[in-house]
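Asks: Right, I'll just put the structure down here and ask away after.
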Amino acid sequence: FESVAGIGESEELKNNAQLWVQIIRNQQAASKPYRLYLKTGYIYDDNVVLEPADQDIVSNESDSALMLYFSGKYDLVKDRRVTSGIGYSHYQSLYQDLDEYNLVGSMGNVYVNYQLNESWTLGVKYLPTYYWVDSESYLMQHRFNPSVLWMIDNFNAVDFSYSYYRNNYFTDNFRDGHANKTSADYSHSFSEIDGYAFCGIGYEIYSASAKDEDFSELRTLLGISCDIFDHTRITVYGKYYDKSYDHKDSSYDIKRDDSRYYVSASITQNIWKQWLSVSAEYNYTKNNSNIADYDYERNAVLLSVSVDL
């Protein structure tokens, strides 16, 4: 089917072959009780930020780092309607000079999915996460995440999600707190090409031990991912965050209000049997705040190799 999709005599024949390629890939992925994913790469960052643990701690310095990400899951129960299992993810960064920004993240995953029918699937996850910064305990997070997936048809889907999470900061107890977050994400798969478009909206309310840290945040997302050549995929997406704090900042005596813009573009080349890939990725972040000390821009370039089994 891949050969026909590339050299078929008619566009209809190519499109049908490409559709079958995607169906077979989805069936192969669904039949496996496990998934393993490994990504390692080297990043240059002109303004190092402590992420994904905290995007408000900014160094205002450039550096390069070795990045490592591993994720695995195994379905302990898998039948026609119910899928349940466990998973684990690990993230680590090692900066060349800014050792104080070295981050290790360890996330567990216990999940259950129940398929009501061909259109609706209910799911729930429990995600305990522990972060270390410069080898010191930084944050413990417990997240409870129920969701509803609506498969409108073979090409359109909507994922409704709710998250409740609690943060325990080991170095700053004033930031301890809990959050309620809702989101809706839509995706559309193209029939003519191997690709899809996606968008989403979410809203979060965070309540902390210190009033300075109480906030609400609106998130929007828009992007596209598709193959441009054989085994070569581009992905481009943008995010916008509008974050408003509930009370006056005790240091500045005004309510903080931030707008953050994030753009990502990547190109990925599959080099071996659908599971070994190399990629180049560029990320841009700009944070605008009514408190000038929180304004920043960031450019980051990542070259990586990934294995998806």
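Asks: As an exercise, identify the trypsin sites (Lys or Arg not before Pro) in region 69-115 lying in DSSP coil whose Cβ has no more than 12 other Cβ atoms within 10 Å.
Replies: Answer by residue number: Arg80, Arg81.
Asks: Now for a different question. (1) 132; (2) 155; (3) 142: which one is volume of the Cα convex hull per residue in Å³ as calculated from this entry?
Replies: After the calculation, the listed value that fits is (1).
Asks: Taking the Cβ of Ser135 as the center, what net charge do the other residues with Cβ under 11 Å away carry, scoring Lys and Arg +1 and Asp and Glu -1?
Replies: Net local charge, Ser135 excluded: -4.
Asks: Keeping every protein chain present and rolling a 1.4 Å probe, give me the accessible area per residue for the chain in Å².
Replies: Per residue, the chain has 56 Å² of solvent-accessible surface.
Asks: DSSP loop (so not H, G, I, E, B), at most 14 other Cβ within 10 Å: list which chymotrypsin sites (Phe, Trp or Tyr not before Pro) in region 219-309 pass both filters.
Replies: Of the chymotrypsin sites (Phe, Trp or Tyr not before Pro), the ones in loops of region 219-309 whose Cβ has at most 14 other Cβ atoms within 10 Å are Tyr252, Trp275.
Asks: On a 19 Å Cα-Cα criterion, which of the cross-link pairs Lys181/Lys286; Lys125/Lys211; Lys73/Lys125; Lys73/Lys273 come out too long?
Replies: Lys181/Lys286; Lys125/Lys211; Lys73/Lys273
Asks: If I stretch the segment between Gln96 and Ser64 completely, what's the gain in nm (0.36 nm per residue apart, minus their alpha carbon distance), one decimal?
Replies: My answer for the length gained is 10.9 nm.
Asks: Could you give the nm distance between label points at Lys78 and Tyr284, where each point is 7 Å from its Cα heading toward the beta carbon?
Replies: Once both label points are built, they end up 4.2 nm from each other.
Asks: I want to check the label-to-label distance for Asp249 and Ser106. Put each point 7 Å from Cα in the C-beta direction and report it in nm to one decimal.
Replies: 3.4
Asks: Starting from 0.36 nm per residue, how many nanometres of slack lie between Ser216 and Cys199 once their C-alpha separation is accounted for?
Replies: 4.1 nm
Asks: Quick one: length gained pulling Val307 to Ser187 fully straight, 0.36 nm per residue minus the C-alpha distance?
Replies: 40.8 nm
Asks: Turning to a different aspect of this structure: So which trypsin sites (Lys or Arg not before Pro) in region 224-281 end up in coil per DSSP with only 10 or fewer other C-beta atoms within 10 Å?
Replies: Answer in residue order: Lys273.
Asks: I want the local charge near Ser62. Using Cβ-Cβ distances under 11 Å, sum +1 for each Lys or Arg and -1 for each Asp or Glu among the other residues.
Replies: -4
Asks: Continuing with this model, one more query. So if I take the centroid of the Cα atoms in region 189-264 and the same for region 99-168, what is the distance between those two points in Å?
Replies: With region 189-264 and region 99-168 each reduced to a Cα centre, they are spaced 16 Å.
Asks: Ignoring any ligand, DNA or RNA, what whole percent of the accessible area of the chain comes from carbon and sulfur when the probe is 1.4 angstrom?
Replies: 57
Asks: Taking only DSSP H segments of four or more residues, each worth -39500 (n - 2.57), what value at 222 nm results for the chain once the sum is divided by all its residues, to the nearest 500 deg cm²/dmol?
Replies: Helices in the chain give a 222 nm mean residue ellipticity of -3000 deg cm²/dmol.
Asks: Give me the net charge for the shell around Gly105: Cβ to Cβ below 14 angstrom, other residues only, Lys and Arg +1, Asp and Glu -1.
Replies: Residues close to Gly105 contribute a combined charge of -2.
Asks: Let me ask something additional. Excluding same-chain residues fewer than 8 positions from Lys248, which aspartates and glutamates have a Cα within less than 14 Å of its Cα?
Replies: Those aspartates and glutamates meeting the cut-off are Asp212, Glu213, Asp214, Asp257, Asp258.
The values are calculated or read from the model by the stated rules, or taken from the named source; none is laboratory data. Treat the numbers as computed from the prediction; the structure is a model and nothing was measured. Cβ atoms come from the backbone with ideal geometry, glycine included; neighbour counts cover every protein chain shown. What goes into the accessible areas is simple: the full protein's heavy atoms, side chains included, and nothing from ligands, DNA or RNA. Shrake-Rupley method; radii C 1.70, N 1.55, O 1.52, S 1.80 Å.
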